[in-house]
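Heads up: the structure comes next, in structure tokens.
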Amino acid sequence: MAEAVDRGLRVANLIGLGPFALTQPEQWEQQRERLVRALETGHALNTGCVVFTTGPAGPLPWDEAADALETALAPVLVEARTLGIPFAVEHTNSLRVDVGFVHSLHDVVDLARRLGTGVCMEINACWAERGLADTIAAAHDVIRLVQVSDFAIGTLATPDRLVPGDGDIPLARILGQVVASGYDGVFDLELIGPKIEAEGYASAVPRAVTALGALLDDLEP
């Protein structure tokens, strides 16, 4: 952390460590402490937001899992407001029930409004969602971060991301909808998985920066 401060690096977001085990309230206090430490780190770095996944619902129905999350997260959100650090809940791919129970942008927007948090929009997890353009337009006030990567239809593993433009997600259309909604925040490249590792980050990262930059430049008036 000290090196990032000394170098004057801008830290756009931090990922909060470890989701809540929503069916095990005896563990919540330990998780709250981890998230508060993440918030304190974010405050020291003047970060744009702290991102968090909900945690697994286990046997709980969706609505009961949301109730549990609201109770578990309440003290952390008080600390976030005190420190002035935006807190963003991320929706996840439906295969990742081990880290979250919210698998659509539509649902995470509803949950965020209930909790009083922001949203991390994960394009890889919502690009084929019904009514996506309407959801984005209605969520412009709560979206705090947009994660960008590509996906090849036929991929059966998760996560297996691609450099923007290497896959099948209509990124130009979706990014256009995000920009048209009034969003003026950070677009975060999330590059993980076998194909990225096979290419190597030294190649994939600059290619991704160039590709995403070109997409966003084309959207400027």
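The values are calculated or read from the model by the stated rules, or taken from the named source; none is laboratory data. Remember, it's a predicted structure, so these values are computed and weren't measured experimentally. Using ideal geometry, Cβ is built from the backbone for each residue, glycine included, and neighbour counts are taken over all protein chains shown. For accessibility, only protein heavy atoms count, side chains too; no ligands or nucleic acids. Shrake-Rupley method; radii C 1.70, N 1.55, O 1.52, S 1.80 Å.
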Filter result (in a helix (DSSP H, G or I), among the β-branched types (Val, Ile, Thr) and buried (at least 20 other Cβ atoms within 10 Å of the Cβ)) within the range 53-80: Val76
Count - residues of the range 174-219 that are of a type outside the set (A, V, I, L, M), open to solvent by 30 Å² or more (accessible area, probe 1.4 Å) and within 19 Å of Ala137 (Cβ to Cβ): 5
Cβ pairs under 7 Å, 6+ apart, first in the range 162-175 and basic (Lys, Arg), second at pLDDT below 95 and not in a loop (DSSP other than H, G, I, E, B): none
Residue list for the range 125-142, restricted to those being in contact (Cβ under 8 Å) with a residue 40 or more places away in the chain and surrounded by fewer than 22 Cβ atoms within 10 Å (Cβ to Cβ): Trp127, Leu132, Ala133, Ala137, His140
All positions within the range 32-52 that are among the polar types (S, T, N, Q) and either assigned to a loop (DSSP other than H, G, I, E, B) or modelled with pLDDT of 95 or more (or both): Asn46, Thr47
Any hit, the range 5-27, residues being at negative phi, assigned to a helix (DSSP H, G or I), open to solvent by less than 30 Å² (accessible area, probe 1.4 Å) and hydrophobic (A, V, I, L, M, F, W, C): no
Filter pass, Arg81 being free of Cβ contacts under 8 Å to residues at least 12 places away in the same chain and basic (Lys, Arg): yes
Any hit, the range 147-159, residues being surrounded by fewer than 16 Cβ atoms within 10 Å (Cβ to Cβ) and within 25 Å of Gly48 (Cβ to Cβ): no
